[in-house]
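Values in this text are rule-based calculations from the coordinates and carry no lab data. Because the structure is predicted, anything quoted here is derived from the model rather than measured. A quick note on method: Cβ atoms are made from the backbone with ideal geometry, for glycine too, and the neighbour counts reach across all protein chains shown.
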Amino acid sequence: MTYRIRFDPDRAMLVIAAEGFWDRSMLDRFGDELLREMRALGATGKRFTVLADAREFPVQSIPVSAGFMGIVNRIEDGLLVPTAIVTGGGLLKLQALRVLVAPHIRVFNDYAAALAWLTESRTGMTEEQ
């Protein structure tokens, strides 16, 4: 598997790890699973954030890269929670910044900075978020 999605209850955080080169079918499977997980978490009414660890994820093809924004566009408004993406290099960070343009998403090269931003973001969330 080239991705893992799990919920960390101690941090109220959906943690994603991605690696390797993806094709469209992998992206579609990921998107479907991510949406299922987010909807299930949203149904609980509890606040959560998302941390995507892409440090082992190389720059992707244009169709796969653009497909990530398609996944974001499928997420319902109530589930657009603070999302930090941690990249392993400058090129992937630039690709993510170009494609993932949304007010709830931030891209980082530093894991600790991403966690700090999520912690800060979470303190400002209402219980419905």
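Some observations on this one:
- Cα long-axis angle, helix 90-99 against the chain (0 to 90 degrees, to the nearest 10): 70 degrees
- Beta bridge orientation in the chain: antiparallel %, DSSP, nearest 5: 30 percent
- With Cα atoms, 0 to 90° folded angle of helix 111-123 axis to the chain main axis: 30 degrees
- Local charge for residue 16 was computed over the other residues whose Cβ lies under 14 Å away, with Lys and Arg +1 and Asp and Glu -1, and equals -1.
- Principal-axis analysis of the Cα atoms of the chain puts helix 24-44 at an angle of about 0° to the longest axis.
- Percent antiparallel among DSSP beta bridges (both partners in the range 1-66, rounded to 5): 50 percent
- At the listed q of 0.17, 0.18, 0.26, 0.29 Å⁻¹, the Debye profile of the range 31-94, built from one uniform point per Cα, gives log10 I(q)/I(0) equal to -0.67, -0.74, -1.23, -1.34.
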